[in-house]
1. Can you find a residue in region 130-140 that is in contact with a strand residue (DSSP E or B) (Cβ under 7 Å, 6 or more places away or on another chain) and either in a loop (DSSP other than H, G, I, E, B) or not β-branched (Val, Ile, Thr) (or both)?
2. Any chance region 135-144 includes a residue that's farther than 19 Å from CYS15 by Cα, loosely packed, with under 12 Cβ neighbours inside 10 Å and at pLDDT below 95?
3. Conditions: (1) under 22 Å from GLU13 (Cβ atoms); (2) touching an Asp or Glu at 6+ places or on another chain (Cβ under 9 Å); (3) not β-branched (Val, Ile, Thr). GLY115 meets all but one. Number of the miss?
4. For region 82-104: of the residues being outside any loop (DSSP other than H, G, I, E, B) and small (Gly, Ala, Ser), which is farthest from the chain's Cα centre (by Cα)?
5. Among (1) in the same structural domain as HIS139 (by TED's automatic domain parsing); (2) outside any loop (DSSP other than H, G, I, E, B), there is one condition GLN205 misses while meeting the rest; what is its number?
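The values are calculated or read from the model by the stated rules, or taken from the named source; none is laboratory data. Just so you know, these numbers come straight off a predicted model, no measurement behind them. Note: ideal-geometry Cβ built from the backbone for every residue, glycine included; neighbour counts use all protein chains shown.
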Amino acid sequence: MARPAYGGRTTCESCKSIDVRRWQREGRLHAGKYFSWAWACGGEPSGSISVRTERDAVVLMYRSRSWGAAEWKSLEQRVPITWTACHLGGQRPWFICSVYSGGRYCGRRVAVLYGAGELFACRHCYGLAYTSQQEAPMHRALSQAQKIRMRLGGSASLFDVFPEKPKGMHWRTYRRLRARGEATEDYSNALTMQWLSRRNRSLKQRG
């Protein structure tokens, strides 16, 4: 199981995960298939599972070891798959979280399951948070502003001139992103000024 980051809740990004949408795009959900799925951390292998596909389910086969346990045990987990119609045609697959949490069957329809414990389950069952939820509001706003700049082909620095419209992007899309980016930058700057003001008051009180 992944450990909590920054002293808070364990994050989704720190856990092994499987995404039914990706498996669908890669053509892995046809009944009767058998494939392996692996993860890496820092460029090094960090685990793998074998997967067998059924008509409306996948069977995950892997080994697991609890914290502090000396022995590994082999597990086989069947995960149901359901399908919903898309607005523009076709169907979209979903995993059904088939674990029991707090003595109750989950049954949530989700795109991603996480290996944060012995079984793969949804983030709700494991109480996982996204990394962005663990960030302070000031850092989260800064991160969002930087992502918008980089999406438009600019640098992450808020001191640089805001990026011009990329070639091929619709003006409507650019204006929307620019308005959101500038609003987020203003919010980030305001939070930074508040933090600096509190820090200065704290230093004066100590002095």
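1. yes
2. yes
3. (2)
4. Among those residues, the one meeting the criterion is ALA85.
5. (1)
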